[in-house]
Amino acid sequence: MENFLTKFPEMPKETYRAMKKGVDASYKSFAREYGDAIDAFFEPLLQLLVFFEKLLISTPWPIVLGVILALTYWGAEV
């Protein structure tokens, strides 16, 4: 009992390696099967984020700061 309380259990390297290979193979299989569908599903989100990135990069910083302050003020009143 004392050994159980003082020593952390250790997984054998062979078991860990086999488990790691199994997880990797499962992930690769999942990515091959559903990767294109997941990419297509999230494409609109990607386009929206790219649009906002370009908008923030091209907008002068005082305007961005003013918009952030206005949103903060409006959010605090709601």
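The set of residues in the range 5-32 that are surrounded by fewer than 10 Cβ atoms within 10 Å (Cβ to Cβ) and of a type in the set (D, E, K, R) comprises LYS7, GLU10, LYS13, GLU14, ARG32. A single member of GLY66, GLY75 is surrounded by 10 or more Cβ atoms within 10 Å (Cβ to Cβ) and of a type in the set (Gly, Ala, Ser), and it is GLY66.
We did not get these values from a lab; they are worked out from the coordinates using the rules stated. Predicted, not measured: the structure shown is a model, and the values here were computed from it. Quick reminder, even Gly has a Cβ in these numbers, built from the backbone with ideal geometry, and neighbours come from all protein chains shown.
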